[in-house]
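A quick write-up on the structure given underneath.
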């Protein structure tokens, strides 16, 4: 019996080696360990084994059964492993991925506008807006612009037949916001389109994009203006960016400044680039707003504020080294693709 | 405005400042420096030299080896120019000379031949643009003379003077400002060799009809002048700032304008008929001006006239017939103060601007009118001779434009954010700007404003002056973030950004097109609005504020097709402008999408993916943020606009979301589209309504559902929406969802009749209380099928 067991074991292990798939493996299990299998048949002969040999034969039987069971199990794992390996055979992982619908891109102006908005929101500004078809009052009069100011004529500004005009700057939103305000402080930014009657060329568009800012309260100073805008431009251009304020003139702010940042162009020395206009709100603006509101919420004796405005198209051109502003309105997909995230 | 440093230096010693320092000084005074041009050389190391002989360079065809006498001896110079001969005198830059542009001359070798300096062209010395050859000098010049003695060097600044500072529109005005900022004293007025000025030559009738438009008019008669070319110094002054010398009298008036800011005019006295009248033009009056053009004037234009006609458009331009020529012997010199708004109106309306009108419309110093006349008279007598009256004929009087301003110094400190700014500092700043302190207490001071600073009227104007002088370096940087509650504009912006990002993730590119479109683009409008026409468009390409974004996207598609793009996926978010029946207009934010061509980029997986159809676009729309819980019902519009097919309104209940359409194939062919083009325009506010408020959680099903498929044959024109509506209306308690999974038609009519289609749906059954038995599901399913065949012209395949 012992020798029978030995030879069974040898046969079984040989059969396992020969088995090449799950079915063959199952056949081996049935042939040896199944109800009618050879090992099962032999184990039924245990009852005829003399008592003194029972222990030895029993142990051997167990040993053979375990060896076959383990053999089947490991062969099963080996076969599965071979199948799994085969499943990934020939895959070239260096091929490009499936594109799906592909990705588009946000327009560079949207990206720069969003960067500006996110930065200023962190400084506590909220968004405001106003109509692009404006009245002379909101675009000029209330902004302390004299009736015979050069901008106020049909050569430079688009008018509608009814006397309204297309706003020449987003500063009109300052007036709209102050007219509607219920209380101070006001701390708003207003991104939006503005219009000037300029021939379209490499540096001009007749419709362009600005971002206006206004902070009005009872103790706003030039120091607030300086600190806020320095922080803003360092967020946009980098923490070490040099920012300077040059005295300038705007009808609706006094004192007024133009802001330059020092930037390096490729292969050239860093130079000052004009980027924005700003200033302290002129008291005449508060007076005009009060008159329009019919109250004295913006008391020109005590209310102070700062305002700023910047051209987003120009900012995008500077940041991305875009050489011709018309790229921004032509929407050539080869251009837009360059700004994909 | 062009400003000559050498001219400025006649008023102020600026020799201790470098050009960049001066440029900074101006910049931080609020005068923008738009350009700096260095002319000639300051160095003594460029001298007059004579070419004694030259030979061909042994190693270079284009070079010559010259022996040159620099006044101290002979030098060898290798030269590339060809325009000289032996004996010519030329400027020679010696080793160590620094030329304009910072180029330093060194001894060296050119192709192995020593060269001990450089002979120069005009351009290399900052004189003009001529770079075609050496600057050949007059044969009379002395060898060895430093070149800057021959042609004095100069620096010309191109300055942008802001409209509030007309007092800076002259060399003296700028010198006054620089003196205030630097503390350098102004040199006194110079003596122009005033010659004899006998008493009154003759009576002159001066009549001022319009004192509001011309408060002050003066005239001086000068007789016996000899008009000719101006002397060298005067010509050089004018030329240095870009003015063309004409004749001595005209040049003098131009010089005085650029020197003092007082604009003048000289008439040929013998061509005037009788007395001078300052009056309004008569309506339609014609005037031939010095530029040779004839102008038609209106009643509110101001003219200077004699007894017969207008002889000058006041403050803008003189008349051709009475202008000073070489033949003139007697002149009338006009110096006046005209009201800025009048000059501006006339100048704009006529499209005629001059250096004179530029100054008058900004406002000149009313107190310098007589001084301007005086200086011009002295110059005329000294240069053109003649005799002049020592009295000035005057009509009207100089307006008082300035007065006193009281400054609350605490307020100044507060507005500037500089609590440490002392009263003494403030006073010193205002005093050096020429303001006179009339009174001062601890917190307040009262100031007399000089006549040339009419821009200083209010306390805040003085605060601006202080800010300008101390500069922002003195002001600390302060930053206070203030919490302000957000409002609807903020939420609308955030929603718009979510939409943008979703579309980018679906492979769409964001476009930004101009809001002003051409009339010819209006038929591309989707949504039926009428745009708002501009009264004064610049060109026919941009006449109307768009009533729809689609015209812009179609133009974008056309451009990209021309550039060879095959796959078009664009969107734009932006404002449209709708004209309302009552004449008003409404501005509205919209989203437009345009797609055409392959649904995915070509790749090794799929070289040419299938082209998009309208369902592709519908799929993009239904998956937009804001619409995930909204069921969209397209409703064909009664009359599709001519440029579109399939135009449908997209509705959610009774709310209009927007429109979808296929661009008409004929319009698509216009733009050479290679695939059908689909467009949609949606109202952002309507999309946003679907996304308000946080989503509410619904308990997850605890028991599994079961599905049953149904296939049926229906008429080909039965809309999907009808079938969907039928399933949606079923009250069968266990039936919870339905979804179409196949639509089959056969245009050949072989597999199914042409007028029929086969559609297949999968229906889901579930109970919230238990796991369903097959039999209950089957029974429910059969009830639905029976109802289906009753309600719709459908044959269920069993």
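The values are calculated or read from the model by the stated rules, or taken from the named source; none is laboratory data. Keep in mind it's a predicted model, so treat the numbers as computed, not measured. Glycine also receives a Cβ, built like all others from the backbone with ideal geometry; neighbour counts cover every protein chain displayed.
It is to be established whether one or more residues within region B:541-552 are free of Cβ contacts under 8 Å to residues at least 60 places away in the same chain, under 28 Å from the mean Cα position of the chain (by Cα), more than 7 Å from chain A (Cβ to nearest Cβ) and surrounded by fewer than 17 Cβ atoms within 10 Å (Cβ to Cβ).
yes
Assess whether residue B:612 counts as being crowded, with 19+ Cβ neighbours inside 10 Å, within 14 Å of chain A (Cβ to nearest Cβ) and closer than 30 Å to residue B:690 by Cβ. Don't jump to the end; show me each part of the working.
Details: crowded, with 19+ Cβ neighbours inside 10 Å: yes; within 14 Å of chain A (Cβ to nearest Cβ): yes; closer than 30 Å to residue B:690 by Cβ: yes.
So residue B:612 fits the description; yes.
Quick one: would you say residue B:439 is more than 10 Å from chain A (Cβ to nearest Cβ) and either part of a helix (DSSP H, G or I) or touching a residue at least 24 places away in the same chain (Cβ under 8 Å) (or both)?
Details: more than 10 Å from chain A (Cβ to nearest Cβ): yes; either part of a helix (DSSP H, G or I) or touching a residue at least 24 places away in the same chain (Cβ under 8 Å) (or both): no.
It is false that residue B:439 is more than 10 Å from chain A (Cβ to nearest Cβ) and either part of a helix (DSSP H, G or I) or touching a residue at least 24 places away in the same chain (Cβ under 8 Å) (or both).
Could you grab me the full set of residues in region B:449-505 that are more than 7 Å from chain A (Cβ to nearest Cβ), under 24 Å from residue A:186 (Cβ atoms) and touching a strand residue (DSSP E or B) at 6+ places or on another chain (Cβ under 6 Å)?
Listed by number, the residues that qualify are B:459, B:496.
Give B:522, B:526 a once-over and let me know the one that is in contact with a helix residue (DSSP H, G or I) (Cβ under 6 Å, 6 or more places away or on another chain), more than 30 Å from residue A:99 (Cα to Cα) and more than 11 Å from chain A (Cβ to nearest Cβ). Step through it out loud before you land on a result.
Working: B:522 fails: in contact with a helix residue (DSSP H, G or I) (Cβ under 6 Å, 6 or more places away or on another chain).
Checking each option against the conditions leaves just B:526.
If I filter region B:285-304 for residues that are in the same structural domain as residue B:261 (by TED's automatic domain parsing), touching a residue at least 24 places away in the same chain (Cβ under 8 Å) and closer than 21 Å to residue B:392 by Cα, do I get at least one hit?
Scanning region B:285-304 turns up at least one residue that is in the same structural domain as residue B:261 (by TED's automatic domain parsing), touching a residue at least 24 places away in the same chain (Cβ under 8 Å) and closer than 21 Å to residue B:392 by Cα.
Can you pull out the residues in region A:129-146 that are in a helix (DSSP H, G or I) and in contact with a strand residue (DSSP E or B) (Cβ under 8 Å, 6 or more places away or on another chain)?
Here is the first cut: in region A:129-146, the ones in a helix (DSSP H, G or I) are A:136-139, A:141-143.
Those that are in a helix (DSSP H, G or I) and in contact with a strand residue (DSSP E or B) (Cβ under 8 Å, 6 or more places away or on another chain): A:136, A:139.
What about residue A:35, is it more than 60 Å from the chain's Cα centre (by Cα), surrounded by fewer than 13 Cβ atoms within 10 Å (Cβ to Cβ) and outside any helix (DSSP H, G or I)?
On the way: more than 60 Å from the chain's Cα centre (by Cα): yes; surrounded by fewer than 13 Cβ atoms within 10 Å (Cβ to Cβ): yes; outside any helix (DSSP H, G or I): yes.
Yes.
Yes/no matrix, rows are residues, columns are (1) part of a loop (DSSP other than H, G, I, E, B); (2) in contact with a helix residue (DSSP H, G or I) (Cβ under 7 Å, 6 or more places away or on another chain); (3) surrounded by 19 or more Cβ atoms within 10 Å (Cβ to Cβ):
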{"position": "A:292", "(1), (2), (3)": "no, yes, no"}
{"position": "A:306", "(1), (2), (3)": "no, yes, yes"}
{"position": "A:309", "(1), (2), (3)": "no, no, yes"}
{"position": "A:317", "(1), (2), (3)": "no, no, yes"}
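If only one of B:270, B:291 is within 28 Å of residue B:171 (Cα to Cα) and surrounded by fewer than 23 Cβ atoms within 10 Å (Cβ to Cβ), which one is it?
Details: B:270 fails: within 28 Å of residue B:171 (Cα to Cα).
Answer to the check: B:291.
Taking region A:107-116 as the region of interest, how many residues are within 7 Å of another protein chain (Cβ to nearest Cβ) and touching a strand residue (DSSP E or B) at 6+ places or on another chain (Cβ under 7 Å)?
Initial filter on region A:107-116 (within 7 Å of another protein chain (Cβ to nearest Cβ)): A:107, A:109-110, A:114.
From the residues that got through so far, the ones that are touching a strand residue (DSSP E or B) at 6+ places or on another chain (Cβ under 7 Å) too are A:107, A:109-110.
Counting residues in region A:107-116 that are within 7 Å of another protein chain (Cβ to nearest Cβ) and touching a strand residue (DSSP E or B) at 6+ places or on another chain (Cβ under 7 Å) gives 3.
Output the number of residues of region A:139-165 satisfying the condition of being in contact (Cβ under 8 Å) with a residue 12 or more places away in the chain and more than 7 Å from chain B (Cβ to nearest Cβ).
The total comes to 17.
State which residue pairs qualify: first residue crowded, with 16+ Cβ neighbours inside 10 Å and inside region B:348-362, second residue in a helix (DSSP H, G or I) in any location, beta carbons under 6 Å apart, and separation of 6 or more residues or different chains.
Note: pairs meeting the criteria are B:357/B:343; B:357/B:347; B:360/B:343; B:361/B:340; B:361/B:343; B:361/B:344; B:362/B:166.
Just checking, does region B:614-632 include any residue being in contact (Cβ under 8 Å) with a residue 12 or more places away in the chain and part of a strand (DSSP E or B)?
No, every residue in region B:614-632 fails to be in contact (Cβ under 8 Å) with a residue 12 or more places away in the chain and part of a strand (DSSP E or B).
Yes or no: residue A:82 assigned to a helix (DSSP H, G or I), out of contact with any strand residue (DSSP E or B) (no Cβ under 7 Å at 6 or more places or on another chain) and either more than 10 Å from every other protein chain (Cβ to nearest Cβ) or without any contact (Cβ under 8 Å) to a residue 40 or more places away in the chain (or both)?
Details: assigned to a helix (DSSP H, G or I): yes; out of contact with any strand residue (DSSP E or B) (no Cβ under 7 Å at 6 or more places or on another chain): yes; either more than 10 Å from every other protein chain (Cβ to nearest Cβ) or without any contact (Cβ under 8 Å) to a residue 40 or more places away in the chain (or both): yes.
Considered against the rule, which asks whether it is assigned to a helix (DSSP H, G or I), out of contact with any strand residue (DSSP E or B) (no Cβ under 7 Å at 6 or more places or on another chain) and either more than 10 Å from every other protein chain (Cβ to nearest Cβ) or without any contact (Cβ under 8 Å) to a residue 40 or more places away in the chain (or both), residue A:82 comes out as yes.
For the subset of region B:85-104 comprising residues that are in contact with a strand residue (DSSP E or B) (Cβ under 6 Å, 6 or more places away or on another chain) and within 15 Å of residue B:66 (Cβ to Cβ), which member is surrounded by the most Cβ atoms within 10 Å (Cβ to Cβ)?
So the residue we want is B:92.
Kindly indicate which of A:97, A:124, A:104 is more than 30 Å from residue A:252 (Cα to Cα), within 35 Å of the chain's Cα centre (by Cα) and facing another protein chain (nearest Cβ under 7 Å). Even if it seems obvious, please write down each step before you answer.
Numbers: A:97 fails: facing another protein chain (nearest Cβ under 7 Å); A:124 fails: more than 30 Å from residue A:252 (Cα to Cα).
Step by step, each of A:97, A:124, A:104 is checked, and only A:104 is more than 30 Å from residue A:252 (Cα to Cα), within 35 Å of the chain's Cα centre (by Cα) and facing another protein chain (nearest Cβ under 7 Å).
Answer yes or no: is there a residue in region B:691-712 that is surrounded by 13 or more Cβ atoms within 10 Å (Cβ to Cβ) and within 30 Å of residue B:563 (Cβ to Cβ).
From region B:691-712, those surrounded by 13 or more Cβ atoms within 10 Å (Cβ to Cβ) are B:691, B:705-708, B:710-712; that's our starting set.
Now drop any that are not within 30 Å of residue B:563 (Cβ to Cβ), which leaves none.
No, region B:691-712 contains no residue that is surrounded by 13 or more Cβ atoms within 10 Å (Cβ to Cβ) and within 30 Å of residue B:563 (Cβ to Cβ).
Taking region A:212-228, which residues are more than 9 Å from chain B (Cβ to nearest Cβ) and crowded, with 19+ Cβ neighbours inside 10 Å? Break it down into steps so the answer makes sense when it comes.
Applying the first criterion (more than 9 Å from chain B (Cβ to nearest Cβ)) to region A:212-228 yields A:212-214, A:216, A:218.
A:212, A:213, A:214, A:216 - these are the residues of region A:212-228 that are more than 9 Å from chain B (Cβ to nearest Cβ) and crowded, with 19+ Cβ neighbours inside 10 Å.
Of all the strands (runs of 3 or more DSSP E) wholly in region A:192-284, which have at least 3 residues that are in the same structural domain as residue A:168 (by TED's automatic domain parsing) and under 26 Å from the mean Cα position of the chain (by Cα)? Explain how you work it out, then say what you get.
Working: elements: A:207-217, A:243-250, A:253-263, A:271-281.
Fully inside region A:192-284 and qualifying: A:207-217.
Could you say which residue among B:573, B:591 is at pLDDT 95 or above, touching a helix residue (DSSP H, G or I) at 6+ places or on another chain (Cβ under 7 Å) and facing chain A (nearest Cβ under 9 Å)? Write out each step before concluding.
Numbers: B:591 fails: facing chain A (nearest Cβ under 9 Å).
Unique residue meeting the criteria: B:573.
Please state which one of B:48, B:31, B:3 is surrounded by 21 or more Cβ atoms within 10 Å (Cβ to Cβ) and under 18 Å from residue B:117 (Cα atoms).
Details: B:31 fails: under 18 Å from residue B:117 (Cα atoms); B:3 fails: under 18 Å from residue B:117 (Cα atoms).
From the options B:48, B:31, B:3, the qualifying one is B:48.
Inside region A:195-205, can you point out the residues that are within 11 Å of chain B (Cβ to nearest Cβ) and touching a helix residue (DSSP H, G or I) at 6+ places or on another chain (Cβ under 9 Å)?
Those that are within 11 Å of chain B (Cβ to nearest Cβ) and touching a helix residue (DSSP H, G or I) at 6+ places or on another chain (Cβ under 9 Å): A:200, A:205.
Report yes if some residue within region A:130-138 is facing another protein chain (nearest Cβ under 7 Å) and touching a residue at least 60 places away in the same chain (Cβ under 8 Å); otherwise report no.
Just the residues of region A:130-138 that are facing another protein chain (nearest Cβ under 7 Å), to begin with: A:131-133.
Remaining after also requiring touching a residue at least 60 places away in the same chain (Cβ under 8 Å): A:132.
Checked region A:130-138: at least one residue is facing another protein chain (nearest Cβ under 7 Å) and touching a residue at least 60 places away in the same chain (Cβ under 8 Å).
Being surrounded by fewer than 17 Cβ atoms within 10 Å (Cβ to Cβ) and touching a strand residue (DSSP E or B) at 6+ places or on another chain (Cβ under 9 Å) is the filter here, so list the residues in region B:731-748 that pass it. Even if it seems obvious, please write down each step before you answer.
Keep residues of region B:731-748 that are surrounded by fewer than 17 Cβ atoms within 10 Å (Cβ to Cβ), which gives B:731-733, B:736-737, B:739-748.
Once the filter is applied, which keeps residues that are surrounded by fewer than 17 Cβ atoms within 10 Å (Cβ to Cβ) and touching a strand residue (DSSP E or B) at 6+ places or on another chain (Cβ under 9 Å), region B:731-748 yields B:732, B:736, B:737, B:739, B:740, B:741, B:742, B:743, B:744, B:745, B:746.
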